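Notes follow the structure.
The values are calculated or read from the model by the stated rules, or taken from the named source; none is laboratory data. All of these numbers come straight from a predicted model, not from anything done at the bench. Quick reminder, even Gly has a Cβ in these numbers, built from the backbone with ideal geometry, and neighbours come from all protein chains shown.
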């Protein structure tokens, strides 16, 4: 299996990657290996911050394929700029980039990530709450903030600033979603008695419609009334 993976990686890398002995910590669960898209080298510069979602690379991912197979990948991170998961190859500065052609979702630290293409926008989302009718998701963005001149410190470095915002996937569309009471209540097809019971529960537990973990708890309670 390792030989097959090496051959595949060499084919994908072209002339960029020429080393023939490496290990990225892959544990495969099937014979279909068509998950990678490209190899490339890290670039080093003086820009502060990172375009990656996680501060560290010591993350393990469980990748679920459309064929209901699973395999594990270590040293993985999400490149927000490219909307692609990338794995560091052991003993190398190269990265292996995954596309979602045959991937259903990726689980990292018990959080599920899915890729959706909608309205000319291709993005990886963290799934916050999911039902058969809707999904509340978190999307990520990164912006390069230019350094400015200060006579005391001369020119400050450029830096990456990371942002996140919420979206709702509903009726085959993806739209921005705000964590607030009205938005959450609109997702529920509950009668007035159940809404009243929900409000009593929210007040008793001192929950907030503006907090992600509280919204998850509120929805769990609402769908079990």
Considering each of 72, 144, 95 in turn, give the residue that is modelled with pLDDT of 95 or more, surrounded by 11 or more Cβ atoms within 10 Å (Cβ to Cβ) and assigned to a strand (DSSP E or B). 72
Subset of the stretch 104-133 (residues that are more than 17 Å from residue 53 (Cβ to Cβ) and either in a strand (DSSP E or B) or in contact (Cβ under 8 Å) with a residue 24 or more places away in the chain (or both)): 104, 117, 118, 119, 121, 129, 130, 131, 133
All but one of (1) surrounded by 15 or more Cβ atoms within 10 Å (Cβ to Cβ); (2) touching a strand residue (DSSP E or B) at 6+ places or on another chain (Cβ under 8 Å); (3) touching a residue at least 60 places away in the same chain (Cβ under 8 Å); (4) farther than 19 Å from residue 63 by Cα hold for residue 157; which doesn't? (1)
Matching residues in the stretch 178-225 (part of a loop (DSSP other than H, G, I, E, B) and in contact with a helix residue (DSSP H, G or I) (Cβ under 7 Å, 6 or more places away or on another chain)) number 7
Take residue 166 and decide whether it is surrounded by 11 or more Cβ atoms within 10 Å (Cβ to Cβ), part of a strand (DSSP E or B) and either on the phi > 0 side of the Ramachandran plot or in contact with a helix residue (DSSP H, G or I) (Cβ under 9 Å, 6 or more places away or on another chain) (or both). yes
Quick check on my filter: what residues within the stretch 79-103 are closer than 17 Å to residue 117 by Cα and either in contact (Cβ under 8 Å) with a residue 60 or more places away in the chain or in contact with a strand residue (DSSP E or B) (Cβ under 6 Å, 6 or more places away or on another chain) (or both)? 79, 80, 81, 83, 84, 85, 98, 99, 100, 101, 102, 103
Among (1) loosely packed, with under 13 Cβ neighbours inside 10 Å; (2) more than 16 Å from residue 73 (Cβ to Cβ), where does residue 111 come up short? (2)
